[in-house]
Amino acid sequence: MEKRIQIDAAEPLAFKAILGLEKYIQQGQLDKIHYELIKIRASQLNGCAFCINMHTKDALKMGENPQRLFLLDAWWDTNLYSEEEQVILKMTEEVTLVHQKGLSQKTYDRAVELFDEHYFSQIIMAIVAINAWNRIAISTHKPIQD
């Protein structure tokens, strides 16, 4: 892969602005494992090797079950995820693939039954944040870190 401009070096203030969103999410009530599942699933959908690598490692360090990570690409066909996690993963897919239909009414309705407006909003912002990071990493061929 050819070397490309790295935005964090070229435009540190822009990078810092997105880090601000990241810090906001990390200080909110969003469960850390929920956030890692969002980051990994969106990164899988976007094909972001850098982010898949980083967030899978982070989830493992947090004690996440490796089997759940192995099967995340087919989460709907297992019983390894709670109902809340299933809704979060569905939201992640629908918002990440917004060009298809966006967040469906069915998924939205189930989400607002399970989560208060703050948690729901933090889920959406987490999905937005990882999609921004994916687009930066993919566009700049961010090198995978060991």
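The values are calculated or read from the model by the stated rules, or taken from the named source; none is laboratory data. No experiment lies behind these values; they were computed from the predicted model shown. Backbone-built Cβ (ideal geometry, glycine too); neighbour counts: all protein chains shown. All accessible areas refer to the heavy atoms of the entire protein, side chains included, with ligands and DNA or RNA removed. Shrake-Rupley method; radii C 1.70, N 1.55, O 1.52, S 1.80 Å.
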Residues located in the range 34-50, provided they are open to solvent by less than 40 Å² (accessible area, probe 1.4 Å) and of a type in the set (A, V, I, L, M, F, W, C): L37, I38, I40, A42, C48, F50
Quick test of your reading of the structure: M125 fulfils all but one of (1) open to solvent by 50 Å² or more (accessible area, probe 1.4 Å); (2) closer than 26 Å to A10 by Cβ; (3) at pLDDT below 95. Name the failing condition by number. (3)
Going through the range 70-121 one residue at a time, which ones are among the hydrophobic types (A, V, I, L, M, F, W, C), open to solvent by 40 Å² or more (accessible area, probe 1.4 Å) and over 20 Å from T56 (Cβ atoms)? L97, V98, L103, V112, L114
Quick one: in the range 124-142, which of the residues that are closer than 14 Å to T92 by Cβ and polar (S, T, N, Q) is farthest from the chain's Cα centre (by Cα)? N134
Can you name every residue in the range 13-32 that is in contact (Cβ under 8 Å) with a residue 12 or more places away in the chain, under 17 Å from I88 (Cβ atoms) and open to solvent by 40 Å² or more (accessible area, probe 1.4 Å)? Q29, K32
With respect to I7, determine if the residue is crowded, with 16+ Cβ neighbours inside 10 Å, of a type outside the set (D, E, K, R) and over 23 Å from L97 (Cα atoms). yes
Which residue pairs have Cβ atoms closer than 9 Å, lie 6 or more positions apart in sequence or on different chains, and pair a first residue in the range 116-142 that is in contact (Cβ under 8 Å) with a residue 24 or more places away in the chain with a second residue that is open to solvent by 30 Å² or more (accessible area, probe 1.4 Å) and among the hydroxyl-bearing types (S, T, Y)? Q122/Y24; M125/Y24; A129/Y24
Apart from one, (1) in contact with a helix residue (DSSP H, G or I) (Cβ under 7 Å, 6 or more places away or on another chain); (2) more than 19 Å from I18 (Cβ to Cβ) all hold for E113; the odd one out is (1)
